[in-house]
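The values are calculated or read from the model by the stated rules, or taken from the named source; none is laboratory data. Note that the structure is predicted; figures quoted are calculated from it, not measured. Glycine gets a Cβ as well: all are built from the backbone with ideal geometry, and neighbour counts include every protein chain shown. Remember, those area values only see protein heavy atoms, side chains included, never the ligands or the DNA or RNA. Shrake-Rupley method; radii C 1.70, N 1.55, O 1.52, S 1.80 Å.
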Amino acid sequence: MAWYYGTYSCGHEGRVNIIGPTKDRQRKSDWHFSGLCPECYKKQLEEERAAANKEAAEKSAEMELPELSGTEKQVAWANTLRVKVIERYEAILEKSGDKASKSRREEIVSCMDYAIKVHTDAKFWIESRDNSNIFRDFMKEYKEHKEKEVVPTDVAEEIEQEEQALTVVPDTEQKKSGVVVISNKDSVLFAAYPKDEKFREIVKLLGFKWNGVTWYKEITEYTGSQEERAAELGNKLLLAGFTVRFPNTVSKDMGVSGKFAAENDRWVKFNAKIGKLALVWEKRSNTLYEAARKLPGAKWSNGSMKVNIAFCNEVLDFAETMGFSISQKAQSEIEKYKEKEAAFEKAKATPHKDEAIEDKERLEKTLKSGATILEDLQDD
């Protein structure tokens, strides 16, 4: 055992303890110092990992993969590991070429989609990084999942007939392939379709968000009903050449006919914190702003025009004229105020009788009464 000193390829000096036959030690020393010093090597690995993580994050966003849960470092590394698995899967699928049947390829694709959708914990991908049988495990999970979803033939046929009845093909030459599936569950509307820029443009315009698996929109008091929002989305998609499967016949009929209430972004709400009505709207409008500012005591703050509820009648007139909807809370508070206002005492005021006397007349009355006044106020 002996210490050997030298200069690494990065220019830093150092030493290494080499054991073994004396004749091999110099060769080992030369090989050791031909690389980077430990600190530079560590820095290089960190930079390479950071670059790989950044690239993986970009690819994940491009492929619209579900977001992973975990610490920042875990997510960054797990993203890289997941992308590598997907690239291996794509290479295997491409290599199989025509050897695999169409149904088999579809099963493999569905299996991978299911695995990506289910495994959103960063730790899973980190712990599976050395699993050479990961695709086999994915297939096993997918088959077990499908077995639980087996649907009786007669029920499946009934569902298929319903889906066909709810599917509308646009009468245009510029028709898109595939079907956009619009569905709803628990006050949430969903829209599913393969990655397409025009489709993304339409759903984002209507306020849908991406959750890592599909596009969704929460239905609230301010959005209107699920049927109307499904109809509005379906209508725009049909006009853009997409085939659409609506969630029900009501939304289908409205979507095809175009007879639905568009989502309103103008609302009169109630700000409980300050006890005032708040007029809010999304699209910038100087005309609307100037008109709202003329309401009694109106003041703009935090993205809305605040008005004292005492002027609710003026606000209601303004809302009707400018197309504002009234929120349930605002309506309730307005009714409460009107009840309070109705309880105020009513009285017919009597005009004040003005019996004003001119100053000259006042002086004359004083002189006649013999009252003492200043001599310089008397006439000569």
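Table for the structure above
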{"quantity": "Ranked by how many other beta carbons lie within 10 Å on average, peptides 206-213, 46-53 from highest", "calculated": "206-213, 46-53"}
{"quantity": "Nearest-ten-degree value, helix 38-62 long axis tilted from longest Cα axis of the chain", "calculated": "60 degrees"}
{"quantity": "Helical contribution to [θ] at 222 nm, DSSP H n ≥ 4, -39,500 (n - 2.57), averaged over the chain, rounded to 500", "calculated": "-16000 deg cm²/dmol"}
{"quantity": "Long-range Cα-Cα pairs in segment 228-333 (distance over 18 Å), rounded percent", "calculated": "55 percent"}
{"quantity": "Per-residue ³J(HN,Hα) for segment 68-84, Karplus 6.51 cos²θ - 1.76 cosθ + 1.60, θ = phi - 60°, Hz, x for Gly and Pro", "calculated": "8, 9, x, 6, 4, 5, 4, 5, 4, 6, 4, 4, 5, 5, 5, 4, 4"}
{"quantity": "Ellipsoid semi-axes in whole angstrom, largest first, where each is sqrt(5λ) of the Cα gyration tensor of the chain", "calculated": "74, 41, 17"}
{"quantity": "Highest-first arrangement of 345-352, 284-291, where packing means the average Cβ count within 10 Å", "calculated": "284-291, 345-352"}
{"quantity": "For Lys176, distant residues with modelled amide H under 5 Å away", "calculated": "Phe242, Thr243"}
{"quantity": "In order through segment 259-268: 3J(HN,Hα) via Karplus (6.51 cos²θ - 1.76 cosθ + 1.60), integer Hz, x for Gly, Pro", "calculated": "9, 8, 7, 5, 5, 9, 9, 10, 9, 9"}
{"quantity": "Apportionment of accessible area to carbon and sulfur, the chain, percent (1.4 Å)", "calculated": "49 percent"}
{"quantity": "Inverse of mean 1/r across different Cα pairs in segment 20-60, Kirkwood, Å", "calculated": "12.6 Å"}
{"quantity": "The chain: angle of helix 153-165 to the longest principal axis, Cα-based, in degrees nearest 10", "calculated": "50 degrees"}
{"quantity": "Helix axis angle, 226-239 relative to the chain longest principal axis, alpha carbon, degrees", "calculated": "60 degrees"}
{"quantity": "P(r) of segment 47-87 over all Cα-Cα pairs, binned every 10 Å from zero, in whole percent", "calculated": "32, 61, 6"}
{"quantity": "Kirkwood estimate for segment 243-282, i.e. one over the average of 1/r between Cα atoms, Å", "calculated": "13.1 Å"}
{"quantity": "Hz values of 3J(HN,Hα) by residue in segment 104-111 - Karplus curve (6.51, -1.76, 1.60), Gly and Pro given as x", "calculated": "5, 5, 5, 5, 5, 4, 5, 4"}
{"quantity": "Environment charge at Gly6 (Cβ cut-off 10 Å; Lys +1, Arg +1, Asp -1, Glu -1)", "calculated": "-1"}
{"quantity": "Global geometry of segment 121-269, whether rounded, prolate or oblate, following the gyration tensor of its Cα atoms and the 1.5 cut on a/c", "calculated": "prolate"}
{"quantity": "Nonlocal amide H pairs with Leu295, under 5 Å, H built at 1.01 Å", "calculated": "none"}
{"quantity": "Percent RCO, i.e. relative contact order, over the chain, from Cα pairs under 8 Å lying at least 6 residues apart", "calculated": "9 percent"}
{"quantity": "Per residue accessible area of segment 271-365, 1.4 Å probe, in Å²", "calculated": "77 Å²"}
{"quantity": "Residues whose placed amide H lies under 5 Å from that of Asp121, excluding near-sequence neighbours", "calculated": "Ser69"}
{"quantity": "Peptides ranked, highest mean first, by Cβ atoms within 10 Å: ranges 124-133, 269-278", "calculated": "269-278, 124-133"}
